[in-house]
Structures are given as structure tokens and as C-alpha cells.
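Q: Before we start, here is the structure in question, set down as C-alpha cells.
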Amino acid sequence: MKVNAIIQARLTSTRLPNKVLMPIENLTIIKVLYKRLSQSKFINKIIFAIPDNKKNKELKKYFLENQIDHFCGDEDDVLDRYYKTALNFKSEIIIRITGDCPLVDHSLVDRMISRFKSLNVDYLSNVNPPTYPDGMDVEIFTFDCLEKTWDQAVNKFDREHVTSYM
């Protein structure tokens, strides 16, 4: 099964604009996250799902310059952006991470992927209830679960927060 990590990212944070491109030593937050997830034994692709607008032009340019897979979609309907990213990259299992969590541990992600596969479930997370500190959040779900959610979720909150409907 094709396991893809899809990371939602944008430059328009209200609390700290452009944070995903801010440096940690000589790497951007995005690059730190990318490098950490690249160590996973089970992730086939790491893809950034970003809003398709002028405000995120610099972020798109960064991904192109660094040859990092990305997909541009709706800014407010993040569920739609995730769905179209997953569809475009033929994802079967999706790992959901947010772009402002550069310290996600690849070994935790791998353990969760193994558990997800062995349990044969549609959704697995360490966020509900929270079992790890903020910044270590991982959610895993099947494409079928994402597609069903994309098709059925109509509430604005559910469209903005991707997995709340699940």
C-alpha cells in the first residue's frame, strides 16, 4: 500500500506569519520536518499541501527550488486540499502532520503505521485523547476514509480541520 505523508502548510499564520520558512540553525522549519520524516521506513512520499494563492507564492517557490513534492489547493477548505493532494499522489494510507511541527519523530510515525496496518482500521491517532506533547501529533487514515469524509462533511469546521468529522 502506498503510504504518503501529507503536511499542511501555509505562510499566513496570524500568530507568527511565515513561521514554516523560519530557520532553525541553517534549515527552515519545513526542511527540518522533511528531513526527519524522510527517515521513516514506511513513508513512500512526503507531500506538502499548501493554499493556492499569492500569499503562499514564496512557499511554492521554496518547494520548487528544493524539489519537494507539493500540491496547491483551497486555502479555507483544507479537507478538499488534502483530498485532492491524496488523489493526485495516489495515496492509499495518509499520514497527517502539520507544517509547524518540525520535531515529529519518524520512529513514532513508523510505530503508528505498523499499528495502523496490524489493527486494520480506517483511522488512528495520538491526538484524541492527546498522548504526546504538542508538536508530536500524528494522524493516519485510509484514502477511503478521507474520501468518505470529503464527500459527507459539510460543516465549515470539519472542512477546515480535515479529521474532525472522522
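Q: For region 72-149, with equal point scatterers placed on the C-alpha atoms only and solvent neglected, what are the log10 I(q)/I(0) values from the Debye formula at q = 0.12, 0.16, 0.21, 0.27 1/Å, to two decimals?
A: Reported log10 I(q)/I(0), two decimals: -0.35, -0.63, -1.05, -1.36.
Q: Same structure again: Using a probe radius of 1.4 Å on heavy atoms only, what accessible surface per residue do you get for the chain? Whole Å² is fine.
A: 55
Q: Now, a different point. Equivalent-ellipsoid semi-axes (√(5λ), Cα gyration tensor) for the chain, whole Å, largest first?
A: 23, 19, 15
Q: Also, I was wondering about something else. Measure up LYS90/LYS117; LYS19/LYS55; LYS55/LYS90; LYS31/LYS117 against 24 Å on the Cα-Cα distance and list the ones that go over.
A: With Cα atoms farther than 24 Å apart: LYS55/LYS90; LYS31/LYS117.
Q: Applying the Karplus parametrisation 6.51 cos²θ - 1.76 cosθ + 1.60 with θ = phi - 60° to the phi angles of region 78-83, what ³J(HN,Hα) value in whole Hz is obtained for each residue in order, glycine and proline being reported as x?
A: Ordered by residue, 3J(HN,Hα) equals 5, 4, 5, 4, 4, 4 Hz.
Q: In percent, what relative contact order does region 111-166 have, based on Cα pairs under 8 Å that are 6 or more apart in sequence?
A: Relative contact order comes out at 28 percent.
Q: Let me ask something additional. Would you be so kind as to identify which of PRO133, ILE24, PHE48 lies farthest towards the positive end of the dipole of the chain, taking Lys and Arg as +1 and Asp and Glu as -1 on Cβ and the Cα centre as origin?
A: It is ILE24.
Q: With charges only on Cβ, +1 for K and R and -1 for D and E, what is the dipole size of the chain about its Cα centre, in debye, rounded to 20?
A: 460
Q: When the accessible area of the chain is computed with all protein chains present and a 1.4 Å probe, what percentage of it is carbon and sulfur?
A: Summing carbon and sulfur atoms, their accessible area is 49 percent of the total for the chain.
Q: Next question. Return the long-range amide H neighbours of GLY73 (sequence gap of 5 or more, or a different chain), with a cut-off of under 5 Å between placed amide H atoms.
A: Excluding prolines and chain starts, which carry no amide H, the hits are ILE50, ASP52.
Q: Note down the accessible area of LYS84, probe 1.4 Å, to the nearest 10 Å².
A: That residue has around 90 Å² of solvent-accessible surface.
Q: Further question on the same structure: Can you sort PHE157, PHE63, PHE89 by solvent-accessible area, 1.4 Å probe, largest first?
A: Result, largest first: PHE157, PHE89, PHE63.
Q: Work out from phi, with θ = phi - 60° and the Karplus expression 6.51 cos²θ - 1.76 cosθ + 1.60, the ³J(HN,Hα) of each residue of region 149-162, listed in order in whole Hz, and give x for Gly and Pro.
A: 5, 4, 6, 9, 6, 10, 5, 4, 4, 5, 6, 7, 10, 6
Q: Roughly how many Å² of MET112 are accessible to a 1.4 Å probe, to the nearest 10?
A: Per-residue accessible area (MET112): approximately 20 Å².
Q: Counting helices only, and only those DSSP H runs with n ≥ 4, report the 222 nm mean residue ellipticity of the chain as the sum of -39,500 (n - 2.57) divided by its residues, in deg cm²/dmol to the nearest 500.
A: Counting only the DSSP helices, I get -10000 deg cm²/dmol.
Q: Normalised by the residues of the chain, what does the relative contact order come to in percent, with Cα pairs under 8 Å and at least six apart?
A: After rounding, I find 26 percent.
The values are calculated or read from the model by the stated rules, or taken from the named source; none is laboratory data. Worth saying up front: this structure is predicted, and the values here are computed from it rather than measured. Every residue, glycine as well, gets a Cβ built from its backbone with ideal geometry; the counts of neighbours run over all protein chains shown. Heavy atoms of the whole protein, side chains included, go into the accessibility calculation; ligands, DNA and RNA do not. Shrake-Rupley method; radii C 1.70, N 1.55, O 1.52, S 1.80 Å.
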